[in-house]
Structures are given as C-alpha cells and as structure tokens.
Amino acid sequence: MKRVVVGLSGGVDSSIAAYLLKEQGYDVIGLFMKNWHDESVTISSECPWLEDSNDALLVAEKLGIPFQTIDLSEQYKEKIVDYMFNEYEKGRTPNPDVLCNREIKFDVFMKIALSLGADYVATGHYCRKGEIEVDGKPVYQLLAGKDGNKDQSYFLCQLAQEQLAKALFPIGALTKPEVREIATRMELVTAEKKDSQGLCFIGKVRLPEFLQQQLQPKEGFIYEIPASCEKYQQKLPTFNSKEEALQFEATPIQYTPADGKKVGTHQGAHYYTIGQRKGLNVGGTKEPLFIIATDIATNAIYTGQGHLHLGLYRRTLRVQPSEVHWIRQDLRLENGQTLEVRARIRYRQELQKATLYQFESGLYVQFDEPQSAITEGQFVAWNIGEELVGSGVIS
C-alpha cells in the first residue's frame, strides 16, 4: 500500500481527494497547513483557519484517516508574504496562489510529507497528471482538469518534474457538481461549503488593507488619458530584426501628466494594478475608468475610459531569461527557436493563440490578438493542446 499525504484544506475538493484515494486502497494521511497567525489583517471576527482546520478534522474522522495540523506560517511569511510586499513595492502585481503551490504546497509541505514516509502528496486541484516516455525516461505532464469551468492547471504552472513525479490530483477527472454530489452522499461537513476566495490559505483578507501594513500610504494624482492621445497614433519605427520588433511591442507606453488631465487622488500607486476598475473613487465619466499604467517613481496612476481603451491592450510580452520555466524540459526552446502555443495571462482566461520566440534577451510571447491588462509580476502560462508545458513571470 502506497502512502499518500493529502493537504486537507477544510474544503470540499480536498475532502473528496482524500475519499477517492482511500477508495483506491492507498494508505491516506490528512494534513492541514496553518499558514497564517496574524489575526489583525484577516477580515471580520471569523478566524478562517480555525474553522477550516475543524472541518478538515471532521472529514478525516468521517473517512477514518489519521490527521494533524502543521504550522507553516513562518515559511509562508518568508516565501509568500514578504515576496508579495516586495513585488507591490516595485509596482508589480504578484500571484500568491501560483507561488503558494510552488514554494509551500509542493516544496515545504511535500518535504514534510515525504519525511512521514509518503510516496505521494495529493491536493484537491482540478487538473490531471499524465506520464509519457522521452528517451527511455518517464516524463510527467500537467494536464487541464476535465471540468473546463474549474481547470486549475494554471495555478500549478511553476511546478517542476520532481514535484509532479510525487503529486496526485484525484479529482482532476471530475466536475465540481460531481465532487459535491459525492460529498453529499458521504454526508461530509464540507459538502455545501463555499469555495474560499481569499489569499491562498490566509483566508478573507482585503488586499489594500493587507498591503497597508507594510507599504505606507502616499498621496498621488490620478490622470485620465484620452483615447485620442498622440502616443496611440505614432508611426511604427523600422526594425532591423524580429527581436527588435518584439522588444518594441513588449514595452509598455510611458505616460506623463501632460498626456492627460488630473481627475482625482489616490493613496499610493503601489496599491493598484493594471486593468483595475474598482477602488478609484472617481466619478463623472461616461464610461468607467480602468487603470492603464502606474508609475511608482512619480506615484502617478494613469487611467482610460472603458474596457476597450487602447491603453489597456498589448500583443506582446517578455519574460526575463532567468524567469522562464519549462515543466517539459524536453520542449525547452534554444535561442532563435519559436513555438506555436495557446497561452493565458491570468486564471480562467480562455487560452489564446500565441507564438513563443526565444532569444538571449528573454522569451517573447506574441499573441495573435492584443490582450487586455498584461500585468508585470503576473504569470503567463502556455499550453500545447490540454497540456501546460511552461510558464514565466511577465517582466
């Protein structure tokens, strides 16, 4: 009997992951990760981790599997929270969920599980694992979940072969309704529980308030850039190479206050992200304002009216050489090579047709259609068919 440690989060997905593994004859252990101590930033009087760990315990008792809580809050603070503050301070927008999987669940947590004699670690992610042979060696694939509406492979886009080798995703072939149906049949306490929407494992946190703990408010101006801005009418320069053209396309427009008009004030450019609409508190425009750029150096925010504003769209993005990550090392591009893929720049975005171009200066992802709100610090992930083969941090 192979031993599997399941990350029981107190939600329905991980509950059913544990149930299915037990049905398949594995020796299952449930572990709950406590990743947060600081009650001062979780919203409302409810203490989400206590409630969640209780539910996880009840599920483990019902399934008859051993259970314990492990405290990873120190590692979480160091690897996720500090990183987030750091990124926001630089004007980038990190994705804590992707990081949490790479640094916590499939690293710190996995090491603890293996030290308990586990052969595998299982989570309640909606994705699947495949295995093929390349040059006589096993190669693991990260495949989309069968429930197109819930596919979570994007959140695992930074995993490596060694991590996938030890991972199991028991619910990847099920849909959410099927998962709830099993939980109801089993009379599990988590059957009707809502999906958690907070930061990965921290629970219900309002991001601006969370960030204000470390990043001091600093008043600045909000500018509105008209659709008629000259910078959108500029003629394209002549390029000597494809790389030069891509570099140009991947560079965001730099705005100055002179390009638009002052429409309001804000509490700090580092609290805001591109594509954001809420929280600006500027009224009186025909269409809602969207953030099209932030400038940390001058503490300015630039906005445009409507979701079709030209300032929101770009066709190309760049990933720095050190931040290109291939799950499928055998598909890695050499300098000068290209690859047609389908890519996304955020969770739940429809996959978009794109071409990868690898140069010494980095990897360029050029989409067939311009994309809205390409945001520095977020992850771009690319697929071949239903397999996610690589990813990188948008620079």
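The values are calculated or read from the model by the stated rules, or taken from the named source; none is laboratory data. What you see is a predicted model, and the numbers here were worked out from it, not measured in a lab. Virtual Cβ from ideal backbone geometry, glycine too; neighbours counted across all protein chains shown.
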Among 312, 289, 317, which is the only one that is under 27 Å from residue 227 (Cα atoms) and more than 23 Å from the chain's Cα centre (by Cα)? 289
Options 380, 393; residue that is under 23 Å from residue 245 (Cβ atoms) and touching a His at 6+ places or on another chain (Cβ under 9 Å): 393
So which residues in the range 198-238 are β-branched (Val, Ile, Thr) and either assigned by TED's automatic domain parsing to the domain that holds residue 293 or modelled with pLDDT of 90 or more (or both)? 222, 225, 238
Filter pass, residue 276 being surrounded by 13 or more Cβ atoms within 10 Å (Cβ to Cβ), farther than 20 Å from residue 373 by Cβ and either more than 26 Å from the chain's Cα centre (by Cα) or of a type outside the set (Gly, Ala, Ser) (or both): no
Among the residues of the range 119-143, the number that are closer than 17 Å to residue 331 by Cβ and either at pLDDT below 95 or under 18 Å from the mean Cα position of the chain (by Cα) (or both) is 2
Scan the range 338-373 for residues that are closer than 15 Å to residue 313 by Cβ, in contact (Cβ under 8 Å) with a residue 60 or more places away in the chain and small (Gly, Ala, Ser) and jot them down. 372, 373
Could you tell me whether the range 353-365 includes any residue that is outside any strand (DSSP E or B), surrounded by 16 or more Cβ atoms within 10 Å (Cβ to Cβ) and not assigned by TED's automatic domain parsing to the domain that holds residue 128? no
How do the strands (runs of 3 or more DSSP E) wholly within the range 67-135 filter down when requiring 1 or more residues that are in contact with a Lys or Arg (Cβ under 8 Å, 6 or more places away or on another chain) and among the β-branched types (Val, Ile, Thr): which remain? 67-71, 120-122
In the range 228-279, what residues are touching a residue at least 60 places away in the same chain (Cβ under 8 Å) and not in a loop (DSSP other than H, G, I, E, B)? 232, 242, 243, 246, 247, 249, 250, 269, 270, 271
